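Please read the structure below before turning to the comments.
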Amino acid sequence: MFKFLKRIVAILLIIYIALFGLTKAIRYPEPIAAIKLGLAPASKTPDLMPGHIIEPADTRIAWATGSANLPKSVNYGGSVIALDKFIEDTETNAFLVIKDGKLVFEKYYNGKNKDTLLPTYSVAKTLTSIMIGQLISAGKLKESDTFVSILPEYKAGTDFDLVTIRDLLDMNSGIGVSDNYPTGPSGWGVAIAQMYASTDLYWWLHHNQKMWEKPGTKPEYRSINTQLLGMVIAKLTGGTVSDYFQKNVWQPIGAQNQAKWNVDHVGGIEKTFCCFNATARDFARVGQLFVNNGAANIGGGSVISASYLKRMSTPVVTLDYNWGYSAQTWHPFPDSILLLGLHGQYIYVQPKEQVVIVKLSDLPTSADGISEKIVPVLQQIASSI
């Protein structure tokens, strides 16, 4: 029996060493870390990848509080159900409502609280766009600039060299890395999953410059576009994306808590297409920017210029669910703005009603298409208070 166990241990060790070599070759985390990352629920992922800490504002002004009558029931997917049941059925971790600049509803679930850092996945895309807008407003970048004019080491001699900042902002680059991938272990072999898990995003990009369409001809939601925008920010600012974001966005909005932006490796580049983690209250401050016409009334300072706010608020392409999209921001309904992330992350804004709703969740990957049912409920709530 002892010899048998020894043999089993030896075989497992050989398999692990082989897997370790493979993951190192393709710039993945070591095998056990990769498995944990693949199996963890959404809210547990922030601590499974290294990250850069983003410090809060020096002067911290808490949300003013108020009251509002939220609807007792909502129409969810054609059925009228209690609001509490909607929140429960959609695996909610945090649900906040801001009305007229005041926190009027706040509730946490599953052991989370106001100080819990929660991930928002592709909400990070809109955060990245805000920084790109600042660089454009400062005259350091133009939408007509090509990606390779800023990072010439990626010149490919193909249509990749024609991809502009505008193409990247509006999901119109034609770069051949789809966001569609199968669930389960087979999904980890596709390019988008590799980008998510990668420990070297610059290396990854060198191996994923294939084009599927000519730039500007076929809009399709692809996370690679936002990662390229993050690389542009790092190159033009000469520092980390997190440092720039801390100084120019997070602190000006009066953030109360630290945030964390996951990176490909310690000291590496931020995964700007995803992986920004913060408290629900501070995410609400980001949404409030769109109510305040780009100004951070809480904490002071202008964050989004008038011209770029108009750019972000005006749909220019149509993507999933037949929703409008522009500059890394969704527009599911007229006069609405949505920051949207995988696993049920929503910052929904109706500027005219001065309403911001934050809903952070733990939905499985298989529920990806559920946003078409959830967002109309957020609209119902926003329009009723």
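The values are calculated or read from the model by the stated rules, or taken from the named source; none is laboratory data. Bear in mind the structure is a predicted one, so any value in this text is a computation, not a measurement. No Cβ is skipped: glycine too gets one built from the backbone with ideal geometry, and neighbour counts run over all protein chains shown.
Taking (1) part of a loop (DSSP other than H, G, I, E, B); (2) at pLDDT 95 or above; (3) not polar (S, T, N, Q) in turn, Asp282 satisfies each apart from (1).
Within segment 261-279, not a single residue is under 16 Å from Val355 (Cα atoms) and not hydrophobic (A, V, I, L, M, F, W, C). Considering segment 203-215, and only residues there that are more than 11 Å from Val177 (Cα to Cα) and surrounded by 16 or more Cβ atoms within 10 Å (Cβ to Cβ), the residue that is modelled with the lowest pLDDT turns out to be Trp204.
Considering the conditions (1) surrounded by fewer than 16 Cβ atoms within 10 Å (Cβ to Cβ); (2) over 25 Å from Ile54 (Cα atoms); (3) in contact with a helix residue (DSSP H, G or I) (Cβ under 8 Å, 6 or more places away or on another chain); (4) at pLDDT 95 or above, Thr90 is excluded by exactly one of them, (1). Filtering Lys271, Lys247, Lys260 for residues that are surrounded by fewer than 18 Cβ atoms within 10 Å (Cβ to Cβ) and either touching a Cys at 6+ places or on another chain (Cβ under 8 Å) or modelled with pLDDT of 95 or more (or both) leaves a single hit, Lys247.
So Asn297 fits all but one of (1) part of a loop (DSSP other than H, G, I, E, B); (2) closer than 28 Å to Arg166 by Cβ; what number is the exception? Exception for Asn297: condition (2).
Looking only at segment 338-355, decide whether some residue is at pLDDT 95 or above, farther than 17 Å from Tyr121 by Cα, surrounded by 23 or more Cβ atoms within 10 Å (Cβ to Cβ) and under 17 Å from the mean Cα position of the chain (by Cα). Among the residues of segment 338-355, at least one is at pLDDT 95 or above, farther than 17 Å from Tyr121 by Cα, surrounded by 23 or more Cβ atoms within 10 Å (Cβ to Cβ) and under 17 Å from the mean Cα position of the chain (by Cα), which makes the answer yes. Within segment 224-272, restricting attention to residues that are of a type in the set (Lys, Arg) and in contact (Cβ under 8 Å) with a residue 24 or more places away in the chain, the residue that is farthest from Ser302 (Cα to Cα) is Lys271.
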